[in-house]
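**Student:** Before I ask anything, let me first share the structure, which is written out below as structure tokens.
The values are calculated or read from the model by the stated rules, or taken from the named source; none is laboratory data. These figures come from a predicted structure and were not determined experimentally. Here Cβ is always computed from backbone atoms with ideal geometry, including for glycine, and neighbour counts include all displayed protein chains. SASA here: full protein model, heavy atoms, side chains in, ligands and nucleic acids out. Shrake-Rupley method; radii C 1.70, N 1.55, O 1.52, S 1.80 Å.
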Amino acid sequence: MAKESNHQSVGQKPRVLKEQAKNTGDDETSVKTLTWWTIFVIILIATIATRFYKVTEPDHVCWDETHFGKMGSWYINRTFFFDVHPPLGKMLIGLSGYLTGYNGSFPFEKPGDKYEDTKYVGMRVFCTMLGATIVPLAFLTVWELTQSLPSAVYAATFILCDVGLLTLNQYILLDPILLCFMMCALWGTARVGSLQHRPFTASWWGWMAFTGTSLACTISVKFVGLFVVLLVGLYTVHELWRELGDLSKPVTNAVKHLLARILCLIVLPIILYMIFFYIHLVVLNRSGNGDGFYSSGFQSQLQGNSLHNATMPRHLAYGASVTLKNHRTGGGYLHSHWHLYPEGVGARQQQVTTYSHKDENNRWLVKKYDTNDVPSDAVLVKHGDLVRLEHLVTRRNLHTHKESAPISKKHYQVTGYGENGTGDANDVWKVLILNGQEGDAVETVTTKFRLVHYLHHCALTSSSKTLPKWAYSQQEVSCNPNMRDKNSLWNIEDNVFAKLPNVSFQVYAPGFLERFFESHAVMLQGNSDLKPKEGEVTSRPWQWPINYRGQFFSGSKNRIYLLGNPIIWWGNIVFLILFSLVYLIASVQEQRGYLENSNVLKQRRRMLEAGAWMFIGWMLHYVPFWGMGRVLYFHHYFPALLFSSMLTGITLNYIVETVPTLVPNSIGNTIYHSIAGVVLSGTVYSFYLFSPLAYGMDGPSGSDPESSLHSLRWMESWEF
């Protein structure tokens, strides 16, 4: 019996050890889980505390709130407007205002206007709430990519403590909405990557759909969302290539992965994007000040527009009062006013421009070339006819001569000339219908035609170039000797003539898809036409990473100045360089067969791959701006900043964990904790120092030696 007992105890011992080991592992896992959640909750609390502190201040319009607050009002009032960005962000701002009691009546005229009793807080809190998600999303994204808690903490801390991001997140702007959806797309991509060994499960499909939805939302806020779409696309190609190279699975598996990604990352975002635009066009059904950027048919769908439910003659006749709309995307109306071209700009005759808003100064009288008399019967204007156009308000004729145009020097100047409709031979124009034949009559809206000068053989053209302040920043009209210029096509919009029967304008009404594509053409044209206004503070891409100059959000008593935390921004530049060196060294070591522990090698590959994707993300969101011709601002860098800060967190932790392995354990631990402590405490302290820039500054300017901020003005270009 004793022997049997001993035998049993010996046989049970391995099981007991296994159970003890299992319990020890469970305990360790529990501790790690508890630590993870504790840190995550601390980050959430710190994010809420810093982002929502003073969110209602200043209690006046700050910076671009004048634009996006106004657009939110227009959604509430269902008033159509033109903007260069897609609609989702502005719709959400309008919805948040509506749900929190704002009635859409505040004018948002200019920065500094007091809100008084206006319920603006709901819109600010909504934007701040979305902006606040950026910090935890950065933590979660870096964690998914690296499975390294310190890396995630560093990345989240750098984003949390950047006063520039804090400033950008606290106002009624598109940027916090854009950055939130961008980070959601990035997190979703990382989650899908972490589920690579559990494809086609419910969780995998859910995260794939989440990623596609986030991509749709990102690009529906601003077109720069295309950069994160491209990043996710590259990551997807990387994953598909990996699946194709897995020889343990058939090729059909890679095809399934491809089809799943087409469905979730291409088809789903396109459908959602079009749904957002459909809602946008249905909600904004009332005429507004942006109508003139769109075609005549588009305008006929807007209640209150002169073309809505309008009736007018089908054909153009002599004696008709008309408006001429340039047929290029976003083209304006042929316009004139009493003001003359200034001294030194061609002949000092009356200015002729294009103007994108409806105005009485857009109206012209169509006359025969050789008389001011209107025929007693209706005589139609046909292909090849010679006409004169008299500006109804000023009674001067559309005229050109061989003086250079104000901006397009190879074109001729176009002016208003004469008195009471009487001018000279330079007022005569030939009507040439596009693809027209002899006898073809000019029809309202649908006919595209050119006005070719009879003597100088040049075509009336809207060059799309913006004139200086003396022309009220309207667009240049010139006469182009190149008569094939696509900007020389016009159409008749308003057509008033009592001697012809009217037809309903509904015959010109476009469907949803036509309006959808026209909206995009107008937005893209508007983006390319964005030029700096006189006296406006702009910046160039080389200035952004070095934090060269900030931007005032509020210049009143409670001053707000957009500037990045210099410790973080300059550190990011250093770590962009360090990552490149570390990645190069690690690649050489691996290629040379440098022997390392397999677990160490696996973790290093994970860290460097994560860093590589962050580096690519930074490049995609920064480098394209170098080739853009449109006006650029400091805040355009902040999407790239998120990638740069996450890369810094990953690279810093890799270096901090590598250095102690080169020295004895006791010294290594001391070095590790010392570096971590200095970095985290220094980052938090720098946030404390520069936080007045985001929360509001009183007293003298930082350039004043008596100012409490004077010691923080480390660069002369900082204007706070």
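**Student:** Consider only pairs whose beta carbons are under 7 Å apart and that are at least six residues apart or on different chains; among these, list those whose first residue lies in region 570-590 and is within 16 Å of residue 547 (Cα to Cα) and open to solvent by 80 Å² or more (accessible area, probe 1.4 Å) and whose second residue is at pLDDT 95 or above and not aromatic (Phe, Trp, Tyr).
**Tutor:** none
**Student:** Counting just the residues of region 455-505 that are assigned to a helix (DSSP H, G or I) and open to solvent by 70 Å² or more (accessible area, probe 1.4 Å), which one comes out modelled with the highest pLDDT?
**Tutor:** By that ranking, first place goes to 470.
Residues checked against (1) within 22 Å of residue 686 (Cβ to Cβ); (2) among the hydrophobic types (A, V, I, L, M, F, W, C); (3) in contact with a strand residue (DSSP E or B) (Cβ under 8 Å, 6 or more places away or on another chain):
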site: 110; (1), (2), (3): no, no, no
site: 119; (1), (2), (3): no, no, no
site: 137; (1), (2), (3): no, yes, no
site: 142; (1), (2), (3): yes, yes, no
site: 154; (1), (2), (3): yes, no, no
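**Student:** Residues that are surrounded by fewer than 18 Cβ atoms within 10 Å (Cβ to Cβ), of a type in the set (Lys, Arg) and under 24 Å from the mean Cα position of the chain (by Cα): does region 86-107 have at least one?
**Tutor:** Within region 86-107 (the criterion being surrounded by fewer than 18 Cβ atoms within 10 Å (Cβ to Cβ), of a type in the set (Lys, Arg) and under 24 Å from the mean Cα position of the chain (by Cα)), the answer is no, since none of the residues qualifies.
**Student:** Being of a type in the set (Gly, Ala, Ser) and buried (at least 20 other Cβ atoms within 10 Å of the Cβ) narrows it down to one of 418, 436, so name that one.
**Tutor:** That would be 418, the only listed residue that is of a type in the set (Gly, Ala, Ser) and buried (at least 20 other Cβ atoms within 10 Å of the Cβ).
**Student:** Please name all residue pairs, on different chains or six or more residues apart, with Cβ atoms under 9 Å, provided the first residue is in region 615-643 and is closer than 11 Å to residue 224 by Cα and the second residue is of a type in the set (Lys, Arg) and surrounded by fewer than 19 Cβ atoms within 10 Å (Cβ to Cβ).
**Tutor:** So the pair list comes out as 625/540.
**Student:** Got a number for residues in region 108-156 being out of contact with any helix residue (DSSP H, G or I) (no Cβ under 8 Å at 6 or more places or on another chain), in a helix (DSSP H, G or I) and open to solvent by less than 30 Å² (accessible area, probe 1.4 Å)?
**Tutor:** Summing the residues that are out of contact with any helix residue (DSSP H, G or I) (no Cβ under 8 Å at 6 or more places or on another chain), in a helix (DSSP H, G or I) and open to solvent by less than 30 Å² (accessible area, probe 1.4 Å) in region 108-156 gives 1.
**Student:** Among what's in region 355-372 and is in contact with a helix residue (DSSP H, G or I) (Cβ under 9 Å, 6 or more places away or on another chain) and farther than 13 Å from residue 391 by Cβ, pick the residue that is most open to solvent (accessible area, probe 1.4 Å).
**Tutor:** 369
**Student:** Exactly one condition in (1) assigned to a loop (DSSP other than H, G, I, E, B); (2) of a type outside the set (Gly, Ala, Ser); (3) closer than 22 Å to residue 443 by Cα; (4) touching a strand residue (DSSP E or B) at 6+ places or on another chain (Cβ under 7 Å) is false for residue 367; which is it?
**Tutor:** Only one criterion in (1) assigned to a loop (DSSP other than H, G, I, E, B); (2) of a type outside the set (Gly, Ala, Ser); (3) closer than 22 Å to residue 443 by Cα; (4) touching a strand residue (DSSP E or B) at 6+ places or on another chain (Cβ under 7 Å) is unmet by residue 367, namely (1).
**Student:** Yes or no: region 186-204 includes at least one residue that is of a type in the set (Val, Ile, Thr) and touching a residue at least 60 places away in the same chain (Cβ under 8 Å).
**Tutor:** Looking through region 186-204, none of the residues is of a type in the set (Val, Ile, Thr) and touching a residue at least 60 places away in the same chain (Cβ under 8 Å).
**Student:** Please state which one of 450, 395, 388 is under 17 Å from residue 324 (Cα atoms), in contact with an Asp or Glu (Cβ under 8 Å, 6 or more places away or on another chain), of a type in the set (D, E, K, R) and open to solvent by 40 Å² or more (accessible area, probe 1.4 Å).
**Tutor:** Sole residue among the options that is under 17 Å from residue 324 (Cα atoms), in contact with an Asp or Glu (Cβ under 8 Å, 6 or more places away or on another chain), of a type in the set (D, E, K, R) and open to solvent by 40 Å² or more (accessible area, probe 1.4 Å): 395.
**Student:** Let me ask another. Residues of region 54-107 being hydroxyl-bearing (Ser, Thr, Tyr) and either assigned to a loop (DSSP other than H, G, I, E, B) or within 22 Å of residue 277 (Cβ to Cβ) (or both), which ones?
**Tutor:** If the condition is that a residue be hydroxyl-bearing (Ser, Thr, Tyr) and either assigned to a loop (DSSP other than H, G, I, E, B) or within 22 Å of residue 277 (Cβ to Cβ) (or both), then 56, 73, 75, 79, 96, 98, 100, 102, 105 are the ones that fit.
**Student:** Just give me the residues in region 370-407 being of a type outside the set (A, V, I, L, M, F, W, C) and not in a loop (DSSP other than H, G, I, E, B), in sequence order.
**Tutor:** 382, 388, 390, 391, 397, 399, 400, 401, 402, 403, 404
**Student:** Of all residues in region 604-636, how many are open to solvent by 10 Å² or more (accessible area, probe 1.4 Å) and in contact with a Gly (Cβ under 9 Å, 6 or more places away or on another chain)?
**Tutor:** Within region 604-636, residues that are open to solvent by 10 Å² or more (accessible area, probe 1.4 Å) and in contact with a Gly (Cβ under 9 Å, 6 or more places away or on another chain) number 1.
**Student:** Right, another one. What helices (runs of 4 or more DSSP H) lie completely within region 166-272 and have 1 or more residues being open to solvent by less than 10 Å² (accessible area, probe 1.4 Å), of a type in the set (Ser, Thr, Tyr) and more than 30 Å from residue 689 (Cβ to Cβ)?
**Tutor:** By residue number, 202-219.
**Student:** So which pairs qualify, if the first residue must be in region 539-564 and in contact (Cβ under 8 Å) with a residue 12 or more places away in the chain, the second must be open to solvent by less than 20 Å² (accessible area, probe 1.4 Å) and acidic (Asp, Glu), the Cβ gap must be under 9 Å, and the two must be at least 6 apart or on different chains?
**Tutor:** 553/65; 564/162
**Student:** Need the failing condition index for residue 446 against (1) modelled with pLDDT of 90 or more; (2) closer than 29 Å to residue 528 by Cα; (3) under 39 Å from the mean Cα position of the chain (by Cα); (4) not aliphatic (A, V, I, L, M), just the number.
**Tutor:** (1)
**Student:** With the condition being over 21 Å from the mean Cα position of the chain (by Cα) and under 30 Å from residue 234 (Cα atoms), I'd like the helices (runs of 4 or more DSSP H) fully within region 613-720 carrying at least 1 qualifying residues.
**Tutor:** Here the list reads 638-658.
**Student:** Then there is this: Every residue in region 637-669 that is more than 17 Å from residue 610 (Cβ to Cβ), open to solvent by less than 10 Å² (accessible area, probe 1.4 Å) and among the polar types (S, T, N, Q), please.
**Tutor:** Scanning region 637-669 gives no hits.
**Student:** Still on this structure, please answer the following. Can you find even one residue in region 517-537 that is at pLDDT 75 or above, in contact with a helix residue (DSSP H, G or I) (Cβ under 9 Å, 6 or more places away or on another chain), open to solvent by 60 Å² or more (accessible area, probe 1.4 Å) and among the aromatic types (Phe, Trp, Tyr)? Even if it seems obvious, please write down each step before you answer.
**Tutor:** Just the residues of region 517-537 that are at pLDDT 75 or above, to begin with: 517-527.
Retained after the next criterion (residues that are in contact with a helix residue (DSSP H, G or I) (Cβ under 9 Å, 6 or more places away or on another chain)): 518-520, 522-527.
Subsequent filtering for residues that are open to solvent by 60 Å² or more (accessible area, probe 1.4 Å) retains 524.
Add one more test, that the residue is among the aromatic types (Phe, Trp, Tyr), and what stays is none.
No, that holds for no residue.
**Student:** Taking the stated definitions as given, is residue 488 without any contact (Cβ under 8 Å) to a residue 60 or more places away in the chain and either out of contact with any helix residue (DSSP H, G or I) (no Cβ under 8 Å at 6 or more places or on another chain) or more than 20 Å from residue 318 (Cβ to Cβ) (or both)?
**Tutor:** So residue 488 passes the test.
**Student:** What's the total number of residues in region 433-451 that are more than 15 Å from residue 415 (Cα to Cα), touching a helix residue (DSSP H, G or I) at 6+ places or on another chain (Cβ under 9 Å) and assigned to a strand (DSSP E or B)?
**Tutor:** So in region 433-451, the residues more than 15 Å from residue 415 (Cα to Cα) come out as 433-450.
After this cut, where a residue has to be touching a helix residue (DSSP H, G or I) at 6+ places or on another chain (Cβ under 9 Å) as well, the list is 444-446, 450.
From the residues that got through so far, the ones that are assigned to a strand (DSSP E or B) too are 450.
Residues meeting the conditions: 1.
**Student:** Inside region 273-309, can you point out the residues that are small (Gly, Ala, Ser) and outside any loop (DSSP other than H, G, I, E, B)?
**Tutor:** 292, 296, 297
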